Amino acid sequence: MLTDEFGREVSGIRISLTDRCNFDCVYCHNEGLGDTRGPMAPQDEEMSADDVVRILEVVAEFGVDSVKFTGGEPMLREDLEEIIARTPDTMEVSLTTNGTFLPDRAEGLVEAGLERVNVSQDALDPSAFAEVTKSGAYDRVIEGVEAALEAGLDPVKLNMVVFEHTAGYVPEMVDHVADNDGLQLQLIEYMPELTGHPEWNIDIQRVHDWLAEQATAIEHREMHDRKRYWIGGGPSDDSSGMVEIVDPVENPTFCANCHRVRVTHEGYLKGCLNRNDDLRSMGEMTKAEIREAYREVVANRVPYYGEYLVQGENGEWEFNETYLEV
């Protein structure tokens, strides 16, 4: 397993299969690349299934044991089941999706080898959901979550980006996962550095404090220095709801515990979600070229908050001059 100069082993890879999406979420940053959505038809620049599998076979040689497929909306890829079926057996396979295609494909995805799924769901009210996602597919998403549970993807983790538009829906979402077996909630801190609109930002610590008051148990994960809050029970109680906060901003140890690299839908390796100045082409994607690019990207990985960005005297985040091009 390769390790960067900050002592972080790379054990996971996150692969964007497309930048196409049937939603238009107001907070979307398209895996750090910005809003590049276009036509819904397949695009020539997207990696082929063979390309994706070749990348996975190479990183598996280096001990990477988990892959998460993302987008855009990865289920716009009609060959998704094929890609999952061809993923090396040594890897855990997960998927992040908006859920609209799960009613028809959840069972087939599990048969292909999918083990875990995250479904984006920012509100429980259809009108509020539509305001954030610019989509009227609320009922379809609910059906998708149910289909995933029925297919054996238990637990289903609901992803909710917390910012001005959604903060008021957090208590209802927490109650929802506490009251429904098989559901967990992942609250994701809004990052204006990627999406703009700093006025939409909220103090995520307020959410931590509120959850701590509600929780019957609190668990600390080493990965990303995350906290898990159990509502109505504890880690050993299957009927209790689990709420986890993903809060990279101003969390000094979050990036220090990152163990993933990423691949864009066009086939570029990148060491950090937040950066696009570290994109590395894999050339014609021969295994030799992939190995060379992968080694280089891992060697150049830098924790974003606390290293690539540092806090100045006024507390604002500033670029570390060490990494600025001369």
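Only the coordinates and a few stated rules stand behind these numbers; no lab work does. What you are looking at is a predicted structure, and each value in this text was computed from that prediction instead of being measured. Cβ placement follows ideal geometry from the backbone for every residue including glycine, while neighbour counts extend to all protein chains displayed.
Quick notes on this structure:
- Long-range amide H partners of I188 with built H, under 5 Å: M160, V161, V162, V246
- Estimated from helical segments only, the mean residue ellipticity of the chain at 222 nm is -8000 deg cm²/dmol, where each DSSP H run of four or more residues counts as -39500 (n - 2.57).
- Answer label for Cα extents along the principal axes in Å (calculated), chosen among (i) 53, 50, 39; (ii) 71, 45, 37; (iii) 65, 43, 29: (i)
- Only one residue of H265, I204, I218 has its Cα farthest out toward the positive end of the dipole of the chain, where Lys and Arg carry +1 and Asp and Glu -1 on Cβ, and that residue is H265.
- Max mean-square fluctuation residue, GNM over the chain, Cα-Cα springs under 10 Å, options E61, E81, E307: E61
- Here r is the Cβ-Cβ distance between L324 and M1 and R0 is 35 Å; the resulting FRET efficiency, rounded to 0.05, is 0.70.
- Nonlocal amide H pairs with D79, under 5 Å, H built at 1.01 Å: none
- For a straight C-alpha distance cut-off of 22 angstrom, the lysines reachable from K270 (same-chain residues fewer than eight places away being disregarded) are K68, K287.
- Using a Förster distance of 22 Å, the FRET efficiency for A256-E57 (Cβ separation, nearest 0.05): 0.15
- Simple Cβ-charge dipole of the chain, Lys/Arg +1 and Asp/Glu -1, about Cα centre, in debye nearest 20: 440
- Label sites at D79 and E199, each approximated as a point 7 angstrom past Cα along Cα to Cβ, lie 4.5 nm apart.
- Taking a ≥ b ≥ c as the square roots of the eigenvalues of the Cα gyration tensor, region 1-157 is prolate, since a/c reaches 1.5 or more and a/b is larger than b/c.
- Estimated distance in nm for a label pair at A212 and D65, the labels positioned 7 Å out from Cα along Cα-to-Cβ: 3.3
- Under-5 Å amide H pairs with R228, H placed in peptide plane, nonlocal only: E219, H220, R221
- Added length on full extension, which subtracts the Cα-Cα distance from 0.36 nm per residue, E307 to D175: 43.8 nm
- When you restrict to C-alpha pairs under 8 Å that are six or more residues apart and normalise by the size of the chain, the relative contact order lands at 18 percent.
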